[in-house]
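These notes concern the structure reproduced below.
Read the figures in this text as sums done on the coordinates, not as results from a lab. Everything numeric here is computed off the predicted structure, so don't read it as measured data. No Cβ is skipped: glycine too gets one built from the backbone with ideal geometry, and neighbour counts run over all protein chains shown.
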Amino acid sequence: ANVRLQVIPAVMPSTFEAARDAAHRCKGAYALGTHPLYVHQVPAEAARLLEQALERWQGDPRLVAIGEIGLDHFVPELQDEASRALQERLYAQQLDLAARWQLPVLAICIAAFAICTSELIIAGLLVILGSSLSAEVWAVYLSFIGALMVWGWHELSFLTGASAGPRRGPADRRLSGV
């Protein structure tokens, strides 16, 4: 299978320590976050607990990501407005922490594509805007990365039908270009 590294995701604050311990035992890595399936089982301060864990273990080379986080609007118990709002708030808070701590994100997005990807385009545009304030070489690279994020959003939106709709057939023959 050629597996080089196993990443063990914690699914809520009460599992942070267990995920870390397991990663150290198996010489793997771990990610910290609250999975959307558990938003009703975590305390209101789940994001603060994540930040505290990041502070406590910031020098640990086995801590490699924030995750598994995201949105799940498919599970019936999570489809009401209050559950969706709770998921979206916690997702945004965890994305902010990932940006602040410069950690990648392990994310899922189930039946909530438009919301998940809106974060991608906003992040891309902010990166471009922020890097435009400098003429340094790093700013050019950062702008390019921001442009890739926006392009990625555009491609994902088109390919999934989120921006173009689900129709994939050929256009009407009577239509013509300019």
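Using each residue's phi in region 37-54, evaluate 6.51 cos²θ - 1.76 cosθ + 1.60 at θ = phi - 60° and report the 3J(HN,Hα) Karplus result to the nearest Hz, with x for Gly and Pro.
The phi angles translate into 5, 10, 4, 8, 9, 9, x, 4, 8, 4, 5, 5, 5, 5, 4, 5, 5, 4 Hz.
DSSP loop (so not H, G, I, E, B), at most 15 other Cβ within 10 Å: list which chymotrypsin sites (Phe, Trp or Tyr not before Pro) in region 1-45 pass both filters.
none
Just to confirm the filter: which GluC sites (Glu not before Pro) across region 7-65 are DSSP coil and have at most 14 other Cβ within 10 angstrom of their Cβ?
Glu45
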